[in-house]
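Notes follow once the structure below has been shown.
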C-alpha cells in the first residue's frame, strides 16, 4: 500500500479541498497509518502555535518616534527650504541693491524709519536662515538615523525633533503672511533663531550622545 | 496568532494619522509584542528582529492613512511586518542557501537518534522554510499569500512547507501512533 506523502497530508488540512485530492481523502479514511501521520502534523502545528512569545530586549518607541519626526521634518524642510531660499534671495536683493536701504528713492523721497527697521531685520533674517541651512546640512551629512543611539539620547532627540516640528509649522504659517508688517518680521526672526538653537542642540545631542550635553 | 484588539481604535487612528505622539505610542504598545514575535520567528537574530520591529512601526506611522479599515488593523500591521521580515531575510542571505535540499528523506548521520525541542528544530530550518512554516501554520497565511510575499510560486510554498514538516518530524523524533 502506498501511503500519503507529507505534501498530500498537508493539502488535506487546507480549507477548500481541490478535486484532485479525492483519492487521497478516500485513502485517509481507511488508512490508520496516514491518520496517525495527520494527527502528528496537527499536534506539531498546535505546538508551534503554543510556543512562547519572544519579547524585544528594550523599548523601541522613542527611536521610532525620533526617526518618524526627523523624516517628517525633512519632508517639510524640502518644501519650506524653497520658500526660505526665495525669502533669503529677496532679502539679499534688498540689502545689496545700489539704491538699497541707505540710498534714496528715484522719486527723491527719503526712506522712512519703518522701512529701515525692516531692512535691518531682513539682514539678520538672511544670516539666521543661512545658519539654519548650514546646520541642517551638517545634520544631513552626520546622518543620525544611520547610527545607534541609546535610549536617553533618543528621548532627548525625539523631544527636540518635536519642538523643531512645531517651530517649522509656525515658520510655514508666517511664510504665508504679509512680510511688510514689522511685528511679523520680528516674530519670523525669533522663530528662525529658535530653529537654529534647536538644531544646535540636536547636533550637540547626537555628537556628544546626550551624556555630555548637560540636558 | 491573534493580537489583542486595540481598545478605542476608532478614536485613536485619526490621531495616529495626524502624527500624535501619544496615539502612536498607544498603537505601538498594543502591537509591539506581536510584531516582534513574528519578526523573531522569521529572522535569524534578535538584532534583525528588533530592526524589523522599528521598520514596521515607522512604516505603520507613515502609511496609516492608507489603512481604510478593510480587514483588521492587526492584519494590516502583520502584512507590513511579514514583508519587512522577509525583506530582511533576502537582504542578509544567511548561512544557508534559501532552498531546502532534497536530503530531507535521507537523514544526515548526525540526525540519527537526534531528538531536539521544537524551538531548536525551528531554528535549524533554513530561513525560507522557517518563514513558510511560521506564516502558514501559525499566522494563518494561505500559500497564495505566502507566494506573493516571497515572489515565488504557490507550489514552491507548498513544497517548502512539506519538506520543513518532514524535517521537523525527524528532528523531533516523533513516533506516529496508529
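The figures follow:
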{"quantity": "Some residue of segment B:73-88 being in a helix (DSSP H, G or I), farther than 24 Å from residue B:142 by Cα and not assigned by TED's automatic domain parsing to the domain that holds residue B:144", "calculated": "no"}
{"quantity": "Positions within segment A:43-62 being at the interface with chain B (Cβ under 7 Å from one of its Cβ atoms) and outside any loop (DSSP other than H, G, I, E, B), in sequence order", "calculated": "A:44, A:45, A:47, A:48, A:49, A:61"}
{"quantity": "Check on residue A:84, touching a helix residue (DSSP H, G or I) at 6+ places or on another chain (Cβ under 6 Å) and at pLDDT below 85", "calculated": "yes"}
{"quantity": "Inter-residue pairs, beta-carbon under 9 Å, first farther than 25 Å from residue A:159 by Cβ and away from chain A (no Cβ under 14 Å) and in segment B:1-27, second outside any helix (DSSP H, G or I) and at pLDDT 85 or above, 6+ apart", "calculated": "B:5/B:72"}
{"quantity": "Positions within segment B:48-64 being more than 7 Å from chain A (Cβ to nearest Cβ) and under 15 Å from the mean Cα position of the chain (by Cα), in sequence order", "calculated": "B:48, B:49, B:51, B:52, B:55, B:56"}
{"quantity": "Hits in segment A:1-33 (condition: part of a helix (DSSP H, G or I) and within 21 Å of residue B:171 (Cβ to Cβ))", "calculated": "A:6, A:7, A:9, A:10, A:13, A:33"}
{"quantity": "Qualifying residue in segment A:116-125 (condition: surrounded by fewer than 17 Cβ atoms within 10 Å (Cβ to Cβ), modelled with pLDDT under 55 and either in a helix (DSSP H, G or I) or within 10 Å of another protein chain (Cβ to nearest Cβ) (or both))", "calculated": "yes"}
{"quantity": "Subset of segment A:3-22 that is loosely packed, with under 11 Cβ neighbours inside 10 Å and over 30 Å from residue B:117 (Cα atoms) - its residue that is farthest from the other protein chains (Cβ to nearest Cβ)", "calculated": "A:22"}
{"quantity": "Pair list, Cβ under 6 Å, 6 or more apart: segment A:53-64 residue farther than 11 Å from residue B:50 by Cβ, other residue buried (at least 20 other Cβ atoms within 10 Å of the Cβ) and modelled with pLDDT under 90", "calculated": "A:62/A:154; A:62/A:158"}
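The values are calculated or read from the model by the stated rules, or taken from the named source; none is laboratory data. Worth saying up front: this structure is predicted, and the values here are computed from it rather than measured. Note: ideal-geometry Cβ built from the backbone for every residue, glycine included; neighbour counts use all protein chains shown.
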